[in-house]
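Read through the structure below, which is laid out as structure tokens, and then see the notes.
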Amino acid sequence: MVTFVEMDEGVSIQDQLKDTGGPVVLINKFTVKPEEADRLLEAWTADAAWMKRQPGFISTQLHRGIAGSGTFLNYAVWESTAHFREAFSNPEFRTKLVHYPPSAVASPHLFRKVAVPNICVA
């Protein structure tokens, strides 16, 4: 089963789920022993397929660190915190977490775009 570790020690994912605002981006960093990477990919693929069918889901992309790294980064876009909260808290989703390898650690955190003049838009 996956172990959860907060990405930001000052703001938990549970605190973030109380937000009532609009679009959010989930960044979820996974670490796993490199020899368990295939098992992580299998579990994540099943989770992503389930999430893709949930209301408010827009897109996702998984990235893997290079050179044999056991670090993965998931970037997922949701219409709102409420949509993500419903999916993340769903008992059906929660039961899937046992399929992750024993060394798996996940650090989910929600973000919103920031506008920086002449660089990027919100």
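FYI, it's all coordinate maths here, none of it is from the lab. Because the structure is a prediction, the values reported are computed rather than measured. Heads up, the Cβs are rebuilt from the backbone with ideal geometry, glycines too, and the neighbour counts pull from every protein chain shown.
Extending each Cα 7 Å along its Cβ direction at V98 and W50, get the distance between those two points in nm, one decimal.
1.1 nm
Can you tell me which of T60, T81, T95 moves the most in a GNM of the chain? Springs connect C-alpha atoms under 10 Å apart.
T95
Short version: ³J(HN,Hα) in whole Hz for each residue of segment 48-63, in order, from phi by Karplus 6.51 cos²θ - 1.76 cosθ + 1.60 (θ = phi - 60°), x for Gly and Pro, what are they?
Each residue of segment 48-63 in turn: 5, 4, 5, 4, 4, 8, 8, x, x, 6, 10, 6, 8, 8, 9, 10 Hz.
What fraction of the DSSP beta bridges in the chain is antiparallel, stated in percent and rounded to the nearest 5?
Antiparallel bridges make up about 90 percent of those DSSP assigns within the chain.
Give me the net charge for the shell around S69: Cβ to Cβ below 13 angstrom, other residues only, Lys and Arg +1, Asp and Glu -1.
That works out to +1.
When a/c is below 1.5 the answer is rounded, else prolate if a/b is larger than b/c, else oblate, so apply that to segment 1-47 with a ≥ b ≥ c taken from the square roots of the Cα gyration tensor eigenvalues.
Cα axes put segment 1-47 in the prolate bin.
For a quick check, take a GNM of the chain with Cα springs below 10 Å and name the residue from N28, N74, N90 with the largest mean-square fluctuation.
N90
Going through segment 17-71, which trypsin sites (Lys or Arg not before Pro) have at most 12 other Cβ atoms within 10 Å and a DSSP loop state?
Taking segment 17-71 and a limit of 12 other Cβ atoms within 10 Å, the loop trypsin sites (Lys or Arg not before Pro) found are K18, R53.
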